[in-house]
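Engineer: First, the structure itself, so that you have it in front of you.
Nothing in this text is a laboratory measurement; each read-out follows from the coordinates by a stated rule. A quick note: this is a predicted structure, and the numbers were derived from the prediction, not measured. With ideal geometry, Cβ positions are generated from the backbone for all residues, glycine too; neighbour counts draw on all protein chains shown.
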Amino acid sequence: MTASPQPDNVRYLIYGAGALGSVLGAFLHRSGRSVVLLGRKNMQKVVQDGLKVTGIWGEHLVEGLQACSEPSQIQGKFPVILLSVKSSATQQAAREAALFLENQGIMISIQNGLNNWEPIASCVSGRRTVGAQVIFGQRCVEPGWAHVSVYADPVLLGEPFVPVSATLL
């Protein structure tokens with residue numbers, strides 16, 4: 001994984017910072033992006049002690065992340081929201097996350113599993129919905145620590161029914 005030479009000024013909200021969302025948020029932050037993590041539990045540990053990412057990409061301690069445990073703690077709106085919840089929670093999470101999406105912003109389904117575009121598009125429109133192919137294995141070892149065990153392909157972003165348009169990791 002390489003860092004971008006000139007970070008953008010885009011603010012990213014990772015809505016669902018479990019193992020996958022935490023790893024993505026950590027590396028976006030390390031590359032100079034402004035990232036806010038929303039996770040269900042133990043986000044205070046990430047704020048206090050940083051987020052540890054270990055595994056096949058080395059050992060990293062990412063400090064200075066903004067993180068919260070409740071949507072009510074999120075401040076402002078974001079041009080990019082990475083929705084990283086379990087597939088069964090997509091509809092509700094997309095509806096909640098849409099409240100934090102800028103008028104011209106996009107919501108990216110960065111989830112394991114298929115058929116997540118439709119519930120997101122029903123909340124923010126198909127024109128503002130982006131999908132992803134995620135083929136790397138990760139797990140939460142303990143609060144504040146995510147471990148990456150396998151990497152099969154780059155994380156690809158694209159619009160539904162259109163060729164992939166970007167690589168994230």
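Engineer: Which residues, taken from segment 70-90, are in contact with an Asp or Glu (Cβ under 7 Å, 6 or more places away or on another chain) and farther than 13 Å from S34 by Cα? First the steps, then the outcome.
Structural biologist: Going residue by residue through segment 70-90, those that are in contact with an Asp or Glu (Cβ under 7 Å, 6 or more places away or on another chain) are 71, 77-79.
The one that is in contact with an Asp or Glu (Cβ under 7 Å, 6 or more places away or on another chain) and farther than 13 Å from S34 by Cα: P71.
Engineer: Out of the residues in segment 55-78 meeting the condition of being in contact (Cβ under 8 Å) with a residue 40 or more places away in the chain and within 18 Å of K41 (Cβ to Cβ), tell me which one is surrounded by the most Cβ atoms within 10 Å (Cβ to Cβ). Spell out how you get there, then give the answer.
Structural biologist: Here is the first cut: in segment 55-78, the ones in contact (Cβ under 8 Å) with a residue 40 or more places away in the chain are 55-57, 65, 67, 74, 76, 78.
Subsequent filtering for residues that are within 18 Å of K41 (Cβ to Cβ) retains 65, 67, 74.
Numbers: L65: 21, A67: 23, I74: 18.
The residue in question is A67.
Engineer: What residue, among those in segment 111-149 that are among the β-branched types (V, I, T) and touching a helix residue (DSSP H, G or I) at 6+ places or on another chain (Cβ under 7 Å), is surrounded by the fewest Cβ atoms within 10 Å (Cβ to Cβ)?
Structural biologist: Narrowing segment 111-149 to residues among the β-branched types (V, I, T): 120, 124, 129-130, 134-135, 141, 148.
Imposing the further condition that a residue be touching a helix residue (DSSP H, G or I) at 6+ places or on another chain (Cβ under 7 Å) reduces the set to 120, 124, 129, 134, 148.
Values: I120: 29, V124: 19, T129: 23, V134: 24, V148: 21.
Residue satisfying both the conditions and the ranking: V124.
Engineer: Of all residues in segment 79-92, count the ones that are out of contact with any Ser or Thr (no Cβ under 9 Å at 6 or more places or on another chain) and crowded, with 19+ Cβ neighbours inside 10 Å.
Structural biologist: The total comes to 3.
Engineer: What strands (runs of 3 or more DSSP E), lying completely within segment 55-169, carry at least 1 residues that are of a type in the set (D, E, K, R)?
Structural biologist: Numbers: elements: 60-62, 66-68, 78-83, 101-109, 129-133, 136-142, 145-151, 156-158.
Ranges flagged: 101-109, 136-142.
Engineer: Here is a check on your reading of the model: is H29 under 23 Å from V150 (Cα atoms), of a type outside the set (S, T, N, Q) and under 17 Å from the mean Cα position of the chain (by Cα)?
Structural biologist: Yes: the conditions hold for H29.
Engineer: Moving on. Name the residue, out of G131, G126, that is small (G, A, S), farther than 23 Å from V62 by Cα and under 17 Å from the mean Cα position of the chain (by Cα). Lay out the reasoning, then the answer.
Structural biologist: Details: G126 fails: under 17 Å from the mean Cα position of the chain (by Cα).
Criteria check complete, one pass: G131.
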